[in-house]
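First the structure, in the form of structure tokens, and then the observations on it.
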Protein chains: 2
Amino acid sequence: MLIHSASQLLTLTPEPQRGAALGTLNMIEDGAVLIEGETIVAVGRTAELLDAAPPEERLDASGCVVMPGFVDPHTHLVWAGNRAAEFELKMAGAKYLDILAAGGGILSTVRKTRQASLEQLLAETRPRLRTMFAYGTTTVEVKTGYGLETETEIKLLQAILALDAEGPIDLVPTFLGAHAIAPEFSGRPQAYTDCLCQEMLPAVRAWWQESAPSRPLPFVDVFCENKAFDLEQSRQILSRAKELGFPLKIHADEFDNLGGVSLAVELGAVSADHLVKTSQADIAALGRSDTVAVSLPCTPFGLAENEYTPARSILEQGGILALATDCNPGTAWCESMQFVLALACRALKLTPAQAIAAATINAAHALRLADRIGSLHPGKQADLLILSVPDYRMLGYRFGVNLVRQVVKRGRVYPVP
Amino acid sequence: MLIHSASQLLTLTPEPQRGAALGTLNMIEDGAVLIEGETIVAVGRTAELLDAAPPEERLDASGCVVMPGFVDPHTHLVWAGNRAAEFELKMAGAKYLDILAAGGGILSTVRKTRQASLEQLLAETRPRLRTMFAYGTTTVEVKTGYGLETETEIKLLQAILALDAEGPIDLVPTFLGAHAIAPEFSGRPQAYTDCLCQEMLPAVRAWWQESAPSRPLPFVDVFCENKAFDLEQSRQILSRAKELGFPLKIHADEFDNLGGVSLAVELGAVSADHLVKTSQADIAALGRSDTVAVSLPCTPFGLAENEYTPARSILEQGGILALATDCNPGTAWCESMQFVLALACRALKLTPAQAIAAATINAAHALRLADRIGSLHPGKQADLLILSVPDYRMLGYRFGVNLVRQVVKRGRVYPVP
């Protein structure tokens with residue numbers, strides 16, 4: 001199939017875009033993409049590629065931007081129930097950590113998720129995945145973390161694998177048993193930390209090798225924050241995970257700086273996520289590392305807070321910046337990477353081009369998938385978007401609606417009505 | 001037709017909701033709406049109304065919220081071109097009024113709009129109207145103001161009338177010849193003010209009475225702001241418009257407080273819009289009046305500014321608060337009233353229920369249409385939404401996507417895929 005006559009074809013770069021390089025779109029005007037099966041075989045100008053496909057296999061993208069599908073590298077997409085009632089409370093002034101301390105917040109989602117059957121979890125998650133896909137996300141990372149005990153955590157991994165198998169969107173799993181202190185260990189964070197290290201991580205590894213032997217191990221992530229896991233507990237969990245062969249991620253500096261970023265860099269974590277209260281020293285450490293800084297601007301927005309990731313500092317220090325939705329029922333129920341881009345331009349002071357690169361190639365790097373997705377180059381998976389607009393800067397400039405006309409996933413075209 | 005089994009049927013009130021009364025949803029659980037032709041004939045519980053329609057004329061809304069269609073009472077929807085390039089500049093620090101002073105900004109849209117044919121304007125505006133409708137807006141106010149001379153301003157009124165005739169969305173026209181100082185009068189705001197009063201307003205009135213004799217005169221609006229029209233010029237324009245029989249609106253306090261709100265109250269304007277820099281004295285004046293305070297939170301959001309309408313003060317003083325998109329190419333290209341609600345909860349500290357009432361019945365009042373739209377009561381136009389969610393608080397809680405499943409406009413059902 002040939003997608004041709006795109007007003008702007010954004011190919012980006014195969015490499016992640018570090019620091020000042022962020023925003024390199026490598027734009028081809030009147031561009032075309034030749035696809036065979038699930039794979040891109042050529043990109044170039046329409047005039048060069050038009051004869052490579054017969055007329056019945058051509059898709060006209062005139063008046064449209066064609067670009068890589070969004071990669072959303074941080075979500076908590078599998079949960080049961082909702083927290084709409086809590087939302088009203090929060091808007092009236094209650095804080096996330098206060099609600100957490102009172103046994104509400106995340107623990108109410110944990111209760112509902114533990115009670116839910118696998119089928120129920122799949123049924124509640126599918127509409128969220130459909131929405132993500134319709135808004136242009138072609139690969140999404142999904143964390144466990146609403147089980148907080150082995151059985152439910154494995155049920156969540158099963159859900160992620162089952163939804164990935166259903167397609168069309170690709171799901172990338174992360175084990176986040178260390179999302180909060182399990183209610184059974186209330187007031188005993190060290191005991192839950194020991195349980196994670198001694199029982200849960202080995203059990204997850206064994207289950208994975210039995211159930212999904214052909215897939216790489218999932219990421220292991222930890223919520224390094226006051227009232228969750230302190231720096232030493234985070235180190236203990238991540239070190240144990242590393243020893244077991246898991247690749248690492250971390251939630252750090254959402255509300256307080258406990259030093260999680262430097263820990264992530266020290267342990268070679270693939271990404272460090274949130275990064276609101278990050279210090280200059282930590283930003284410098286990120287800049288010297290390959291750990292991707294994943295900013296989640298929907299979270300401060302969702303909480304009506306005004307402090308966001310110091311993105312421009314991260315870029316000045318040479319860091320690799322990515323963007324994600326953080327889609328979750330507590331702080332940010334938003335499936336749309338397009339909204340993340342619009343917010344990132346305003347709150348993080350990114351240009352539309354920078355936001356696009358952070359949401360595609362750099363986000364792919366945050367999942368160690370940059371060899372396969374995140375840019376449009378021969379040999380890569382044919383995951384791309386056809387926007388209903390002719391100028392990429394409409395992403396960012398316009399907000400609150402969907403500018404995707406069609407999603408192409410593994411070479412197959414899906415209309416977005 | 002009977003729409004039945006709605007998880008929550010929000011009927012609201014026929015009256016506008018003033019001050020502390022804002023947020024009165026008058027919810028009926030397991031609710032039903034009986035429609036004949038274009039008109040609501042009954043609302044109640046499903047059990048009471050089910051037999052009123054044969055099975056083939058029933059629409060099952062189980063698991064859904066049913067509520068009035070959104071009324072968007074402030075937009076600049078008819079324009080040509082876009083200002084995506086300017087968006088990047090703004091994110092880099094340039095201010096709206098600086099761009100205006102440099103002859104860019106709004107005047108670049110004026111140039112393109114003057115050059116555009118009526119057909120071209122219709123073609124560029126239709127997709128915006130389709131998006132608004134898909135996101136649940138069933139009536140939208142649309143201002144002129146990108147002509148700034150009689151001929152183009154009348155072309156814009158023609159466009160509004162033509163798009164209204166096309167349907168399904170209803171358009172309500174406003175003449176905003178006083179949107180900025182016309183380039184021909186650069187540096188001579190008083191001369192343009194005199195031209196508006198002596199030539200343009202009478203010409204518009206004569207054209208209207210010739211071209212749309214069956215319709216009430218459009219609103220007349222003025223941008224009362226530094227570098228646009230000062231308080232005395234605003235008074236001159238609005239007084240002349242009132243003398244000619246036009247109902248009045250005003251843009252006030254977006255960037256500076258010039259006293260426009262008190263002028264609006266004094267002249268009996270239907271609404272005063274923007275209201276960011278509004279003083280306590282002006283808020284008190286609003287509270288004693290029937291002038292609706294229309295807040296446009298997408299505009300500070302679009303400009304990446306942190307100051308919003310003091311909505312809670314307006315409510316404390318007994319004001320009538322409404323919400324609108326302000327959809328325009330310069331500061332806020334957003335068609336979605338759902339996003340306005342999500343932003344209003346966070347930035348204006350409204351509850352979801354308050355935001356819903358501000359975007360329906362109070363917004364209808366801001367257009368003097370509350371006798372016909374804005375709530376679900378017998379005799380009113382059957383303009384309503386069927387949401388894909390069972391709890392109205394999902395509006396506000398969730399953001400960046402579309403929760404509308406079907407739009408019912410004048411009794412006809414339109415799917416939203």
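Bear in mind these aren't lab numbers, they're just calculated from the coordinates by the rules spelled out. Quick caveat: nothing in here was measured; it's all calculated off a predicted structure. Cβ atoms come from the backbone with ideal geometry, glycine included; neighbour counts cover every protein chain shown.
Mind giving me the FRET efficiency for A:Asn306 and A:Leu231? R0 is 25 Å, r the Cβ-Cβ distance, nearest 0.05 is fine.
On the way: r = 26 Å, r/R0 = 1.06.
That pair, A:Asn306 with A:Leu231, gives E of 0.40.
State, to one decimal in nm and shortest first, how far the label point of A:Leu231 sits from each corresponding label point in the other identical copies (label point: 7 angstrom along Cα-to-Cβ).
Label point to label point, same position, other copies: 5.7 nm.
Please arrange B:Thr150, A:Thr144 by how many other C-beta atoms lie within 10 Å of their C-beta, fewest to most.
Details: B:Thr150 18, A:Thr144 27.
The fewest-first ordering by Cβ neighbours comes to B:Thr150, A:Thr144.
How long are the semi-axes of the ellipsoid equivalent to the stretch A:278-417, from square roots of 5 times the Cα gyration tensor eigenvalues, in whole Å, largest first? Walk me through the numbers on the way to the answer.
Numbers: eigenvalues 127, 76, 35 Å².
Gyration-tensor ellipsoid for the stretch A:278-417: 25, 19, 13 Å.
Going by amide H atoms built from the backbone, whose H comes under 5 Å of the H on B:Ile320, apart from near neighbours?
B:Gly19, B:Ala293
Calculate one ³J(HN,Hα) per residue across the stretch A:281-298 by plugging θ = phi - 60° into the Karplus curve 6.51 cos²θ - 1.76 cosθ + 1.60, and present them in order as whole Hz with x for glycine and proline.
5, 5, 4, 5, 5, 4, x, 8, 10, 9, 6, 7, 8, 9, 8, 10, x, 5
May I ask which of A:Lys95/B:Lys90; B:Lys95/B:Lys349; A:Lys227/A:Lys249; B:Lys249/B:Lys409; A:Lys112/A:Lys277 have a Cα-Cα span longer than 23 Å here? Before the final figure, lay out the partial values.
On the way: A:Lys95/B:Lys90 33 Å; B:Lys95/B:Lys349 26 Å; A:Lys227/A:Lys249 19 Å; B:Lys249/B:Lys409 26 Å; A:Lys112/A:Lys277 31 Å.
From the list (A:Lys95/B:Lys90; B:Lys95/B:Lys349; A:Lys227/A:Lys249; B:Lys249/B:Lys409; A:Lys112/A:Lys277), the Cα-Cα distance tops 23 Å for A:Lys95/B:Lys90; B:Lys95/B:Lys349; B:Lys249/B:Lys409; A:Lys112/A:Lys277.
Within 10 Å of each Cβ in A:289-302, how many Cβ atoms from other chains are there, averaged over the peptide?
Mean shielding count: 1.
Report the local net charge at A:Val416: Lys and Arg +1, Asp and Glu -1, summed over other residues whose C-beta lies under 14 Å from its C-beta.
Working: positive: A:Arg130, A:Arg405, A:Lys409, A:Arg412, B:Arg130; negative: A:Glu335.
Result for the local shell: +4.
Taking each label point as 7 Å beyond Cα in the direction of the beta carbon, state the distances from B:Ala92 to the same residue in the other copies, shortest first, in nm.
Inter-copy label distances (nm, one decimal, shortest first): 4.7.
Positive end of the charge dipole of the stretch A:71-365 (Lys, Arg +1 and Asp, Glu -1 on Cβ, about the Cα centre): tell me which of A:His365, A:Ala180, A:Phe301 has its Cα farthest that way.
A:Phe301
Two-decimal Rg/Rh of the stretch B:29-136 from alpha-carbon positions, Kirkwood Rh? Walk me through the intermediate numbers first.
Details: Rg = 22.7 Å, Rh = 18.4 Å.
Result: Rg/Rh = 1.23.
Less than 14 Å Cβ to Cβ from A:Ala162, Lys/Arg counted +1 and Asp/Glu -1: what total charge do the surrounding residues give? The partial results should precede the final answer.
Values: positive: A:Arg126, A:Lys155, A:Arg215; negative: A:Glu119, A:Glu124, A:Asp164, A:Glu166, A:Asp170.
For residues surrounding A:Ala162, the net value is -2.
Which residues in the stretch B:107-140 have a backbone N closer than 13 Å to a point placed 7 Å from the Cα of B:Ala165 along the Cα-to-Cβ line?
What the label zone holds, given the 13 Å backbone N cut-off, is B:119.
Let's test the formula: R0 of 22 Å, r as the Cβ-Cβ distance of A:Gln280 and A:Asp256. What FRET efficiency results, to the nearest 0.05? Could you put the intermediate results ahead of the total?
On the way: r = 16 Å, r/R0 = 0.73.
Calculated transfer efficiency: 0.85.
Around A:Ser62, with a cut-off of 15 angstrom between Cβ atoms, what is the net charge of the other residues, counting Lys and Arg +1 and Asp and Glu -1? Write out the running numbers ahead of the final one.
Numbers: positive: A:Arg45, A:Arg58, A:Arg405; negative: A:Glu29, A:Asp30, A:Asp60, A:Asp391.
Charge balance in the 15 Å sphere: -1.
Could you give me the percent of Cα pairs per 10 Å distance bin for the stretch B:181-302, shortest bin first, beginning at zero and ending with the bin that holds the maximum distance?
The distribution over the stretch B:181-302 is 14, 42, 33, 11, 0, given as percents.
Kindly provide log₁₀ I(q)/I(0) values, in the same order as q = 0.11, 0.12, 0.13 Å⁻¹, from the Debye equation applied to equal alpha-carbon scatterers of chain A.
Values, matching the q order: -0.77, -0.91, -1.07.
Looking at the protein assembly as shown, what % of its DSSP beta bridges pair antiparallel, to the nearest 5? Please report the intermediate quantities before stating the final value.
On the way: 52 of 119 bridges.
Approximately 45 percent, going by the DSSP bridge assignments.
Tell me, what is the percent relative contact order of the stretch B:343-406, built from C-alpha pairs under 8 Å that lie six or more residues apart?
Working: 51 pairs, mean separation 18.6, N = 64.
Dividing the mean separation by the residue count of the stretch B:343-406 yields 29 percent.
Residue by residue, what Karplus-based ³J(HN,Hα) values in Hz, rounded to whole numbers, does the stretch B:38-45 have, using 6.51, -1.76 and 1.60 with θ = phi - 60° and x for Gly and Pro?
Going residue by residue, I get 9, 10, 6, 10, 7, 10, x, 7 Hz, with x marking Gly and Pro.
Quote the relative contact order of the stretch B:71-365 in percent (integer), defining contacts as alpha-carbon pairs under 8 Å separated by 6+ residues. Spell out each step's value before the answer.
Details: 583 pairs, mean separation 52.2, N = 295.
Here the relative contact order equals 18 percent.
On the first, second and third principal axes, largest extent first, how far apart are the outermost C-alpha atoms of the protein assembly as shown in Å?
82, 65, 54
If you put a point 7 Å past Cα along the Cβ direction, how far is that point for B:Gly81 from the same point in each other copy, in nm, smallest first?
From this label point to the equivalent ones elsewhere in the assembly: 5.4 nm.
With all pairs of different alpha carbon atoms counted, what Kirkwood hydrodynamic radius in Å does the stretch A:278-325 show? Working shown, then result.
Values: mean 1/r = 0.0904 Å⁻¹.
About 11.1 Å for the stretch A:278-325.
Place a label point 7 angstrom from the Cα of A:Ser117 along the Cα-to-Cβ direction, then list the residues of the stretch A:137-179 whose backbone nitrogen is under 19 Å away.
Zone members listed by number: A:151-163.
Quick one: Cα convex hull volume of the stretch B:135-221, Å³ per residue? Provide the component values of the computation, followed by the final result.
Details: hull volume 8.0 nm³, N = 87.
Each residue corresponds to 92 Å³ of Cα convex hull volume.
Collect residues whose amide H, placed 1.01 Å from N in the peptide plane, falls under 5 Å from the amide H of A:Leu350; neighbours closer than 5 in sequence don't count.
Residues meeting the amide H criterion: A:Cys345.
Suppose every K and R has +1 on its Cβ and every D and E has -1 on its Cβ; what is the size of the dipole of chain B about the Cα centre, in Debye to the nearest 20?
Details: 36 positive and 47 negative charges, 78 e Å.
For chain B, the charge dipole is close to 380 debye.
What's the Cα-based Rg to Rh of the stretch A:48-93, Rh via Kirkwood? Don't skip to the answer; put the middle values down first.
On the way: Rg = 22.4 Å, Rh = 16.4 Å.
In the stretch A:48-93, Rg relative to Rh is 1.37.
Across the residues of A:398-408, average count of Cβ atoms on other protein chains within 10 Å?
On the way: counts 11, 11, 22, 14, 7, 1, 0, 0, 0, 0, 0.
Partner-chain Cβ atoms within 10 Å, mean over residues of A:398-408: 6.
To confirm my reading of the symmetry, which residue of chain B has the Cβ nearest the axis that brings B onto A, and what whole-Å distance does it have?
Looking at chain B's Cβ atoms against the axis toward A, the nearest is B:Pro417, 2.
Enter the mean number of other protein chain beta carbons within 10 Å of the beta carbon of each residue in B:85-92, as an integer.
That works out to 4 on average.
From the alpha carbon gyration tensor of the stretch B:1-52, can you work out the equivalent ellipsoid semi-axes (sqrt of 5 times each eigenvalue) and give them in Å, largest to smallest? Walk me through the intermediate numbers first.
Details: eigenvalues 107, 35, 9 Å².
Listed largest to smallest, the semi-axes of the stretch B:1-52 are 23, 13, 7 Å.
For A:Gln209 and A:Glu316, FRET efficiency with R0 = 41 Å and r from the beta-carbon atoms, rounded to 0.05? Walk me through the numbers before you get to the answer.
Numbers: r = 43 Å, r/R0 = 1.04.
The value I calculate is 0.45.
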